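See structure below.
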Amino acid sequence: MAESARAVIEDVTSAFTELPAVDSSSGVDGPIGWPGYDDARARAAERTGERESVVCGVGKVGGTEAVLIAFEFGFLGGSLGERTGARIEGAFTRARELGVPVVSLIATGGSRMQEGMRALTQLQRIARQAASARAAGLPQIAVLCDPTTGGGWATLGGGADVTLALRGAQVGFAGSRVRPPGDPVAYTAEGQLAAGQLDALVEPADLRIRLERWLALLTNPAPGEPPPPAALGTAELPDTGWAAVRRARAAERPRAESYLDIYFEWREELSGDRCGGVDAGVRCGFGHRDGVSIAYAAQCGTPTRPAGFRTAARLVRLADRLGIPVLTLVDTPGAANDAAAERAGAGPAIAELFGAVAAARVPVTTLVIGEGGSGGALAFAAPGRTWVTPDAYFSVTSPEAAASILKRPDEDVPAVANQLRLRPQDLVDLGIARGIVTPAR
């Protein structure tokens, strides 16, 4: 059984003030007169010391004030009823009044059978409150405890900006008593992470520090346009286009991980597109730099898959809503173009990222650190705010593909690379890049 609501709250906060309870009655044995429901609630209250399945209040998590919604699984399986919905609504209302984030610590079996459809419609009530918080620019973080199923997963859990889960937790829309036989891993936190539905697994002992870090990152945006990182490779510019391509493809050329490690003092990552996919070749998250937060979406040198574009778009939209500027790192030979990528929606996924960058109100800074292959690279780039390193190139397509399209022989590929004007200095001359960054002195 999940840890009690108050124990979890004590684990993650240094101070907590409970909100006044909203416990209006719905008549004898609840709204649909379920026989024995009042007695069941009374026994649950005696067993747990709580009057409902959630405890809500305002607490301090590290240096950040937040509203916490903690589920008490011992109270009728942490199920959602009318009074649960009223308490959660009150918590979101208080968060909007204070202008603070919402942290949901979830352990629930779903909607409460003894209240019928009146219980199920609480999901609409909760969704409305979460939407109001998003419109107010308030971050929402969910922690999925064991178990998190049904409506709690499908509203507060799956709908949060950042979704963490305790390692080994049962997580799924279908609870253990109603799911069909099949793959049991699909209903675990580990399975949901692999399917792109969670951002990270957390050990219980690490939960407090991870929440502290996430809340600090999501509530402390950097002012203005992020500076591009300094180049980590050579300072010399390539003489020819083919030399630029070969240098960008060199195995020893610095990659995104090195740039992120040097640019940020520490960072936390988002994972997955929330559509069933994860692209290990795209890193997205928020980093701490000089006391403030900058979001990032970085290609890692592989063909970018649809899940990578959708994850990056998710990152850009979230950062924009929270007023956090974005750094993107371009490094890909191009978008993945195999049959699986087409079936997964490569075109719409690329369009989604183009749209997110175009619509962003926060500044987006781009640094091309390696290969800039066609539209799969351009989707990550900010118009007017793109910089390039000396060991990078940007091209309408690869020299090999251009030669093939133009029906030229393979031996013409180097000449085609030169004709494409893809060198860093060419990109500046063409107005594609604002400038060439050099290594720090």
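The values are calculated or read from the model by the stated rules, or taken from the named source; none is laboratory data. Since the model is a prediction, treat every value here as computed from it, not as a measurement. Cβ placement follows ideal geometry from the backbone for every residue including glycine, while neighbour counts extend to all protein chains displayed.
Here ALA402 qualifies as farther than 30 Å from ASN220 by Cβ, in contact with a strand residue (DSSP E or B) (Cβ under 9 Å, 6 or more places away or on another chain), free of Cβ contacts under 8 Å to residues at least 24 places away in the same chain and not acidic (Asp, Glu). Of GLY63, GLY74, GLY99, all but one fail to be closer than 17 Å to THR13 by Cα and either surrounded by fewer than 24 Cβ atoms within 10 Å (Cβ to Cβ) or not assigned by TED's automatic domain parsing to the domain that holds THR163 (or both); the exception is GLY63.
For segment 74-97, the criterion of being touching a Pro at 6+ places or on another chain (Cβ under 7 Å), over 13 Å from THR155 (Cα atoms), in contact (Cβ under 8 Å) with a residue 40 or more places away in the chain and charged (D, E, K, R) is met by at least one residue.
Annotation: of all residues in segment 195-206 being over 14 Å from the mean Cα position of the chain (by Cα) and surrounded by fewer than 19 Cβ atoms within 10 Å (Cβ to Cβ), the one that is nearest to PHE264 (Cα to Cα) is ASP206.
What are the residue pairs meeting all of these: first residue in segment 20-34, first residue on the phi > 0 side of the Ramachandran plot and assigned by TED's automatic domain parsing to the domain that holds ILE88, second residue of a type in the set (Asp, Glu) and surrounded by 10 or more Cβ atoms within 10 Å (Cβ to Cβ), Cβ atoms under 9 Å, and 6 or more apart or on different chains? Between residues of segment 20-34 that are on the phi > 0 side of the Ramachandran plot and assigned by TED's automatic domain parsing to the domain that holds ILE88 and residues that are of a type in the set (Asp, Glu) and surrounded by 10 or more Cβ atoms within 10 Å (Cβ to Cβ), the close pairs are ASP29/ASP38; ASP29/ASP39; GLY30/ASP38; GLY30/GLU82; GLY30/GLU115.
Taking segment 412-440 as the range and being without any contact (Cβ under 8 Å) to a residue 24 or more places away in the chain and either exposed (fewer than 14 other Cβ atoms within 10 Å of the Cβ) or assigned to a loop (DSSP other than H, G, I, E, B) (or both) as the test, the residues that pass are ASP429, LEU430, GLY431. Candidates in segment 260-274 are the residues that are part of a loop (DSSP other than H, G, I, E, B) and among the acidic types (Asp, Glu); of these, the one that is nearest to GLY159 (Cα to Cα) is ASP273. On the basis of being assigned to a strand (DSSP E or B), among the small types (Gly, Ala, Ser) and at pLDDT 95 or above, does GLY59 make the cut? For GLY59, the condition - assigned to a strand (DSSP E or B), among the small types (Gly, Ala, Ser) and at pLDDT 95 or above - is met.
When THR13 is tested against the conditions (1) among the hydroxyl-bearing types (Ser, Thr, Tyr); (2) touching a Ser or Thr at 6+ places or on another chain (Cβ under 8 Å); (3) within 22 Å of GLU212 (Cβ to Cβ), the lone failure is (2). Just to verify a result, which residue in segment 96-114, among those that are out of contact with any helix residue (DSSP H, G or I) (no Cβ under 6 Å at 6 or more places or on another chain) and in a helix (DSSP H, G or I), is farthest from GLY33 (Cα to Cα)? Selected residue: LEU98.
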